[in-house]
Amino acid sequence: MDRVVLYSEEATASTRKWWRTDAGLDGNGDIRIISGDGKIEWHMTIAAKDVPLMRSALSCQLQDAADRDALTLLAQRFTVSAGGGNPYDEIQVFLERENISHNITTW
């Protein structure tokens, strides 16, 4: 699995805005979580060397996680159904609580 959508809010006639948060695995093995509305984007990167730690922390919280890769576990834990809030901040809190190094940039 190379990319998962964690949150998606489509534009409506009344809001005229959309929002999307997804996570992907890049060629270096880093996980990049991107959240934005097309005007502003927040990027959170978990370096490849820290991905096993994140996977282990997620595995402890989820059942039947032994055979799942990090992106699948991230999606299982943080994907939000329609009407729920954007999980970007919750992911950041999780990483900080578990002492998993990550870098945040804004575009």
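Just so it is clear, none of the values below were taken in a lab; they were calculated from the coordinates. The model shown is predicted, which means the values in this text are computed figures rather than measured ones. Quick reminder, even Gly has a Cβ in these numbers, built from the backbone with ideal geometry, and neighbours come from all protein chains shown.
First select every other residue whose beta carbon is under 13 angstrom from the beta carbon of residue 4; then total the charges, Lys and Arg +1, Asp and Glu -1.
So the environment of residue 4 carries a net charge of +2.
Which angle from 0 to 90°, rounded to the nearest 10, does the C-alpha axis of helix 51-61 make with the longest principal axis of the chain?
90
Can you compute the helix-only [θ] at 222 nm over the chain? Use -39500 (n - 2.57) per DSSP H run of at least 4 residues, normalise by all residues, nearest 500 deg cm²/dmol.
When only DSSP H runs of four or more count, the value is -8000 deg cm²/dmol.
What longest range of the chain stays clear of loop-exposed trypsin sites (Lys or Arg not before Pro) (DSSP non-H/G/I/E/B, at most 12 other C-beta within 10 angstrom)?
40-107
Net charge near residue 60: determine it from the other residues with C-beta under 14 Å of the C-beta of residue 60, scoring Lys and Arg +1 and Asp and Glu -1.
+2
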